[in-house]
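The values are calculated or read from the model by the stated rules, or taken from the named source; none is laboratory data. Since we're looking at a predicted model, the values are computed, not measured. Note that each Cβ is placed from the backbone with ideal geometry, even for glycine, and that neighbours are counted across all protein chains shown. Side chains are part of the model used for accessible areas, which takes the heavy atoms of the whole protein and leaves out ligands, DNA and RNA. Shrake-Rupley method; radii C 1.70, N 1.55, O 1.52, S 1.80 Å.
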Amino acid sequence: MKLIEFVRERRWVPVSGYLIYVAALAAGYYYNLTFVQLGLIDLGTRLVGLPPGTVSMAMAALALLTLVVAVTSGVLMDRRGTSADLYAKLRLLFAVVLVQLVLTAAAPYVRSPWQFGLWVAVCALPLGVGIPVTFSFMIDFVPVRDRGYVAAAVAGLSFFAAALYPMEWRIEEFSAVMAAAMAPAVVVLGVLSLRRVPFVDALARQHEAFGTGRFCRPEPIRTTSATFWGLVALMFGVFFVDSLGFLRIIETPIYIYTSWQSPEVGTRLFIAGVHLVGAFVAGVLYTSFDRKWLFLWVFGLFAFTHLQYVFHIRFGSDGTPPLLMPMFYVLAVSFYTTLNFALWPDLSTPETVGTHTALGVGIAGWLATFLSTALALYSEGIGLPLLTHLTYVNALALLLVVSLPVALYVHRMVELARGVSAS
Amino acid sequence: MKLELIPLLILALLLLSAGGADVETAEFVIEGDHEVTDHRGALIVGDATVTVPPDAEVPGPVYVIGGELRVEGTVAGDVTQLAGVLALEDGAAIEGRLQHVAGTERTADGAVVAERTAVEVTRNDPGPVAAYLPTALATLALALAGAWLSRRWPTLLENVGATARDHALISLTVGGLVFVTFLSVFVFMAFTLVLVPVSLLGLLLGAAAVAYGVVALGYLVGRRLETPRVGLATALGVAVVVVLLEASSAVPVVGDLLAIGLLLTGFGAVVLTYFGLRRFEPVTLPE
């Protein structure tokens, strides 16, 4: 690892870059995992009193708005050279966190539907801008060789924290935790971004060495290329399958109160620990193998996990579900989250990282998650049985497992037909 | 779930299907304390404590493969004990047949068993030689396999051994992931009954791969002897590895973790090298 070299050589500036990246991304992802994805549902349904169908429409609207803002800001960042300007990105992040702090503190006081709608619309702005800004930090702070492990650290830590705290998935709890964490972050970001600091000057030059991603050598990946959009489609499928299944599972007491929301600290600690282990394993796989293996593992794990849930609902729903089921779910989630953090910067250069991260995370992550969330809420609203719902999810996961090797095989066939020599 | 329960679970599922019971309603209780009052199908008691309370009646069949089954009420069908503890309290009734194969059984005077069969196993206190005989035989078998392989196809062991040595973290990671995933898949397959043969085959193949990994690690150790008699060196190396694995189990937790880590590293190297058919090289990353 380059990090070990930096520590041995006592080069503390790049080491501090790792720490800033992990802290910023882990905190941001924890915010999205808890406050936005789970807190917003609680806010809409419990405090505002909206029916699940209306909340699902609001979630879909938030997804679309976030996507539009993310892509617009990502493209603008690349065109104006902001993607390669660390100070400019830190100032943007300062503004993003400041707005999110206000929104977070205000959330528990939202009571009427129009207030909820306004809150959602405003929330999309910092979320959208935050995507290209935070994800593109990878090119400033983390050398290519260590990206798998650093992405694993971000995924593992954010899921570890989310699995253990807060105990109740309620907007009031989320709001208190987030506001307390954001206030000092705003101060630190203000100090780092609004005046020149020597060590930030040194960090700002690192993208010259670290900036070109793993998959952009020797030729950079173009935004219009089939490679880029193929990966966007694959990640969209991963996020969609995860969210579509999970949102119904967490609404089922027998599954959620024996795992993610178990009153037993040991059970939650087990899940948090599996997140850490899973992320680390994903980091090792990402660093050592071609990306297709990680995708295959993710789809395979999801297919097996949903198969277990379907099997359990059909044959064994009287008994306590074994922890093996959430364990495999957690493994799959940790795998693809690690992949998500490392993949988009590795498909980019300092000139394209804004657009690529915005499109990748925006479409594959946000759009898929929120569309599937809306669909899951809708299926619950129309009374679709859990077994039927998870059977659909399982079918989708199996389809993706099969499609990936078939697509790779066809791709190879096309290469051979075009006369490209075997690699 | 304890690994040693897996063969017993598969055996219980085989007995269940052979007995014509409806496997779709079977429940496998893996852990925790449970009180069963109205379960409608077969019950398999794993590493858990299951109680049938005084006024309850469960239809059976019930298979005890670990943990404890405490009967205070009635089991209408058969009970088969393959391991674990079976406690029949006062007032308990087994209206079917109680088949005792192994494990501990406690029967109160007031308990009623309609029919009882037992597989008598005469157990002698093993002497020091007999206690270590299975390990010694396994070591001998692995050492012979290692000696033969290292003389016949040394490249296979060289590839696996070099991967385990040069890429230990990747081998351990891949070994752990493949082991946990495929073990779960094979156990899951056993529940379908149709796939029990595939499940058994998979478990055997997995055990063979783990053994192959031990042989490859033994080959690595043997090479340090720097002797031209590669077969003998590998056999001695395998013996050293097995002794190391046995000795490490004497240290609680840390020793077990070390032993598991070593086995998984060897197993992962076997997987990564396609059983030694090629050398593993991770992707090259730029600085």
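A few comments on the model shown:
- Per residue of chain A, the DSSP helices (runs of n ≥ 4 H) give a summed -39500 (n - 2.57) that works out to -24500 deg cm²/dmol at 222 nm.
- Anisotropy class of the protein assembly as shown from Cα gyration tensor, a/c 1.5 cut: oblate
- Between the amide H of residue B:107 and those of B:88, distances stay under 5 Å, these residues lying 5 or more places away or on another chain, with hydrogens modeled in the peptide plane.
- Protein-only accessible surface order, largest first, of A:327, A:413 at 1.4 Å: A:413, A:327
- Sparsely packed loop sites in the range A:61-159 (the trypsin sites (Lys or Arg not before Pro) outside DSSP H, G, I, E and B with at most 13 other Cβ atoms within 10 Å) comprise A:111.
- Efficiency of FRET from Cβ geometry, residue A:195 and residue B:204, R₀ 51 Å, rounded to 0.05: 0.15
- Cα-based shape type of chain B, given that a ≥ b ≥ c are square roots of the gyration tensor eigenvalues and the cut on a/c is 1.5: prolate
- The dipole here belongs to chain B: it is taken about the Cα centre, uses +1 on the Cβ of Lys and Arg and -1 on the Cβ of Asp and Glu, and is about 2100 debye.
- Carbon + sulfur, % of accessible area of chain A - ligands and nucleic acids excluded, 1.4 Å: 69
- Inter-centroid distance (Cα atoms) of the range A:48-98 relative to the range A:371-414, Å: 27
- Acute angle (nearest 10 degrees) that the helix B:128-152 long axis makes with the longest principal axis of chain B, alpha-carbon atoms: 40
- Using only Cα coordinates, the Kirkwood hydrodynamic radius of the range A:203-344 works out to 16.9 Å.
- Phi angles of the range B:204-221 translate, via the Karplus equation with coefficients 6.51, -1.76, 1.60 and θ = phi - 60°, into HN-Hα couplings of 5, 4, x, 4, 5, 5, 5, 5, 4, x, 5, 4, 5, 5, x, 4, 4, 5 Hz per residue; Gly and Pro are given as x.
- In this structure the amide hydrogen of residue B:98, modeled in the peptide plane, comes within under 5 Å of the amide hydrogens of B:79, B:115, B:116, B:117, none closer than 5 places in sequence on its chain.
- Crossing angle, helix B:230-248 versus chain B [Cα axis fit, 0-90 degrees, rounded to tens]: 40
- Counting only DSSP H runs of at least 4 residues, each contributing -39500 (n - 2.57), and dividing by the residue count of chain B, the helix-based mean residue ellipticity at 222 nm comes to -17000 deg cm²/dmol.
- In this structure, residue A:188 and residue A:251 have a Cβ-Cβ separation that, at R0 = 35 Å, corresponds to a calculated FRET efficiency of about 0.40.
- Within chain A: Cβ-based charge dipole about Cα centre, in debye rounded to nearest 20 (Lys, Arg +1; Asp, Glu -1): 760
- Taking the 1.4 Å solvent-accessible surface of the range B:80-121 as the whole, the part contributed by carbon and sulfur is 46%.
- Gaussian network model of chain A, springs between alpha carbon atoms under 10 Å - residue of A:353, A:277, A:330 with greatest fluctuation: A:277
- Within chain B, longest stretch clear of exposed trypsin sites (Lys or Arg not before Pro) (DSSP loop, no more than 11 other Cβ within 10 Å): B:124-223
- Delta accessible area of at least 10 Å² on complex formation, residues of the range B:155-179, 1.4 Å probe, chain isolated as reference: B:169, B:170, B:173, B:174, B:177, B:178
- Spin-label pair residue B:141/residue A:23, simplified geometry with 7 Å Cα→Cβ offset, distance in nm: 5.7
- Set of the range B:246-287 residues, backbone N closer than 11 Å to the point 7 Å along the Cα-Cβ line of residue B:166: B:279-282
- Among B:201, B:157, A:400, the sequence by solvent-accessible area, most first, with a 1.4 Å probe is B:201, A:400, B:157.
- Per residue, the range B:58-181 exposes 50 Å² of solvent-accessible protein surface, assessed with a 1.4 angstrom probe and all protein chains in place.
- Sulfur and carbon atoms: percent of accessible area, the range B:138-196 [1.4 Å]: 76
- Shape category assigned to the range A:192-276 from the gyration tensor of Cα positions, a/c cut at 1.5: oblate
- Compared with the direct C-alpha span, the chain from residue A:392 to residue A:118 gains 95.3 nm at full extension, assuming 0.36 nm per residue.
- Between the beta carbons of residue A:181 and residue B:244, assuming R0 = 45 Å, the FRET efficiency works out to 0.45 to the nearest 0.05.
- Relative contact order computed over the range B:43-155 (Cα-Cα under 8 Å; 6+ residues apart), in percent: 17
- Remark: the range A:246-359 carries 28 Å² of accessible area per residue (probe radius 1.4 Å; ligands, DNA and RNA excluded).
- Accessible surface buried by the B/A pair amounts to about 2500 Å², both sides summed, 1.4 Å probe.
- Most fluctuating residue given options A:70, A:60, A:204, as computed from a GNM of chain A linking Cα atoms under 10 Å: A:204
- Residues in the range B:245-287 occluded by at least 40 Å² - accessible area, probe radius 1.4 Å, against chain by itself: B:283, B:285, B:286, B:287
- Near the amide H of residue B:63, within less than 5 Å, lie the amide hydrogens of B:43, B:44, B:45, B:80, all on another chain or at least 5 residues away, with H placed in the peptide plane.
- Simple label model, 7 Å out from Cα along Cβ direction - residue A:382 to residue A:269, nm: 4.5
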